[in-house]
1. Report those helices (runs of 4 or more DSSP H) wholly inside the stretch A:62-177 carrying at least 2 residues which are acidic (Asp, Glu) and either over 27 Å from residue A:28 (Cβ atoms) or touching a strand residue (DSSP E or B) at 6+ places or on another chain (Cβ under 9 Å) (or both).
2. Scan the stretch A:134-188 residue by residue and report those that are within 21 Å of residue A:108 (Cβ to Cβ) and of a type in the set (Val, Ile, Thr).
3. On the given criteria, is residue B:16 surrounded by fewer than 16 Cβ atoms within 10 Å (Cβ to Cβ), touching an Asp or Glu at 6+ places or on another chain (Cβ under 8 Å) and not hydroxyl-bearing (Ser, Thr, Tyr)?
4. Can you pull out every residue in the stretch B:240-260 that is over 14 Å from residue B:48 (Cβ atoms) and facing chain A (nearest Cβ under 7 Å)?
5. Answer with yes or no whether residue B:182 is part of a helix (DSSP H, G or I) and either within 11 Å of chain A (Cβ to nearest Cβ) or crowded, with 23+ Cβ neighbours inside 10 Å (or both).
6. Sort out which residues of the stretch B:194-223 are facing chain A (nearest Cβ under 9 Å) and assigned to a helix (DSSP H, G or I), and write them in order of number.
7. Go through (1) over 24 Å from residue B:195 (Cβ atoms); (2) out of contact with any Leu (no Cβ under 7 Å at 6 or more places or on another chain); (3) within 8 Å of chain B (Cβ to nearest Cβ); (4) not hydrophobic (A, V, I, L, M, F, W, C) one by one and return the number of the condition residue A:245 breaks.
8. Looking at (1) touching a residue at least 60 places away in the same chain (Cβ under 8 Å); (2) under 30 Å from residue B:49 (Cα atoms); (3) surrounded by 16 or more Cβ atoms within 10 Å (Cβ to Cβ), which is the one condition that is false for residue B:137?
Amino acid sequence: MKDEKSLKKEHLLSVQDLHTSFFTDSGEVHAVNGVSFNLDPGEILGIVGESGSGKSVTAYSIMQILASTGKVTGGKILYKGDDLTKWNEKKLSEFRGKCVSIIFQDPMTSLNPVFTIGNQLTEAIKLHTDKRGKDAWDRAVELLTLVGINEPERRMRQYPHEHSGGMRQRVMIAMALACEPDILIADEPTTALDVTIQAQILELIQELQKKLGMAVILVTHDLGVIAELCDNIIVMYGGSICERGTGREIFYNPHHEYTKGLLRSIPDVKNMKERLVPIAGTPINILNLPKGCAFCARCDNCMKICLQEKPMELDINENHKASCWMNVKEAFEGGAR
Amino acid sequence: MNTPLIEVRNLKQYFPIKTGLFKTELLKAVDDVSFSIDAGETLGLVGESGCGKTTVGRTLLHLYEPTAGEVLFEGEPVTKDNLPKMRQKMQMVFQDPYSSLDPRMTVEDIIGEPLDVHKLFENKKERRDKILYLMNLVGLNAEHATRYAHEFSGGQRQRIGIARALAVNPKFIVCDEPVSALDVSIQAQVINMFEDLQVKLGVAYLFIAHDLLVVHHISNRIAVMYLGKIVETGTADDVNYTSIHPYTQSLMSAVPIPDPDYTRQRKRIVLQGDVPSPLHMPSGCPFRTRCRFACDKCAEAMPPLTDRGGGHQVACWVK
């Protein structure tokens, strides 16, 4: 977003032209196609998109935890200037947890049912720090207190099934924070939770982010959650970034046909009874990506060029970029006038 | 006064749960719920998971035999004996469009099954015509008729489910989380279709969902449930903008609004703790363990729903 500055300053995380593919029986699936973004310390970045948009795969690529069929086929992921796609497994396992941590959507399945919470928490601590025995236990209790769990000592001795969904997600967050990472990736952290519990967890993430000063990447399909939490937003569709900018820019001044469509298809708080305007068609099949803009098949303003060439990313203003040929057309017409 | 299309009186649904080798306890999934729905109206039913909203929908259609209470359809009680007749007037659309359609049946057979069951056609041509009419109604093409459910996307499958529900020409449909499995852009397509069908066919909906924005958008009235009981009911705007019950207030304030300025200036009431287990329900008002205003009276008895003006009913001692 700040191009002149980025030359001088090193970003905490810099993803450059990332390509990730899955090699399946039906061929190579291009899940992420040329995604680039930067993340600075203390920033909350939201990645929003529908299923199949490549938002989770982008997150998993950063963590290098793709399924066995998945592979980063191009681009760089620079953590403090060092390209982690070239690291070996030993270096990566140090990196995971210590530098970057992730919390997943489903707190029910991300904890091991046959070990106590304490056992699983101290495991993470022992793995990444030199704390052992009592020290590790105390640290775990401290973490549970940090994420707002009452009676942490008792909770440590309990198994995951004795905790509710919200509690488990808190435990997951505690585990992710065990080594005070610089970056926390939250992949749909509240999708499986009820609204009142969701509010608690979002508040907790916000509070911890301020307290610990880490950067957060929030991956979600929920525009409400994004609006509430994020400084900067990336909108993805079909494995590419359509639009990026500050929260206010994306919500009040969208410049990509997909973002516009997405905002029209949810009820407007100021006018609840207004009829929704859906995006026509069905979500993209990433097995069969079009040559041009990924959104062209569902776009009302699709032009000839949209079918043939991928749109370039254009600056709308200093806090806002969009990849849509409509903007190029407008800029061109505006210039001619 | 006109008879409402659906009237639910003191509906109770208890499930026996084995809690030990010889011990069973009663789980009160729905506990003394009453409401009514007029013809062509949409009642939204909201609440957190486990509050019994799905059970209300299912008990209403006698998919579960109610423990107590009755359901009246146009003034006539729904019983075991007149169920086949009643099911022609009341139908259901399920949440998961992936598991609610038989993978071994073609679309034509799925939509045609209710027609077969209720023998609503004279000959094969009429059956086929009806199916094509229904498919057209929900925006499916005629050539889709011979395909199987797995060939369709989530949104299209939900359309098949809706066509199946509409096949018997019902006056009332229970929609149990019909859009929550769909992507945002597809949700809007299905919501618009529900609205169009209501205008066209005059069906009434019980719209069960946890997405409060969607429910507010589609519903005329909303009922809020907490642990098997209705705690507040009124027009969609009343419940959303001028909610009275402390639970509704915190629920509404917890909804993330896709509007950065609006959502950040808003004061959020974050509830402490989790929903208590329905097996060990607190005495009196079930919400009192998480309520900011709870007093001694709340522990003694469940507050009744009282009218606060214009049909806006609230069950709370304090507010």
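1. A:133-146
2. Across the stretch A:134-188, the qualifying residues are A:147, A:149, A:171, A:173, A:185.
3. On the way: surrounded by fewer than 16 Cβ atoms within 10 Å (Cβ to Cβ): yes; touching an Asp or Glu at 6+ places or on another chain (Cβ under 8 Å): yes; not hydroxyl-bearing (Ser, Thr, Tyr): yes.
For residue B:16, the condition - surrounded by fewer than 16 Cβ atoms within 10 Å (Cβ to Cβ), touching an Asp or Glu at 6+ places or on another chain (Cβ under 8 Å) and not hydroxyl-bearing (Ser, Thr, Tyr) - is met.
4. B:256, B:257, B:258, B:259, B:260
5. Considered against the rule, which asks whether it is part of a helix (DSSP H, G or I) and either within 11 Å of chain A (Cβ to nearest Cβ) or crowded, with 23+ Cβ neighbours inside 10 Å (or both), residue B:182 comes out as no.
6. B:195, B:212, B:213, B:214, B:216, B:217, B:218
7. Of the numbered conditions (1) over 24 Å from residue B:195 (Cβ atoms); (2) out of contact with any Leu (no Cβ under 7 Å at 6 or more places or on another chain); (3) within 8 Å of chain B (Cβ to nearest Cβ); (4) not hydrophobic (A, V, I, L, M, F, W, C), the odd one out for residue A:245 is (3).
8. Failed condition: (2).
The values are calculated or read from the model by the stated rules, or taken from the named source; none is laboratory data. Model, not experiment: these values are computed from the prediction. With ideal geometry, Cβ positions are generated from the backbone for all residues, glycine too; neighbour counts draw on all protein chains shown.
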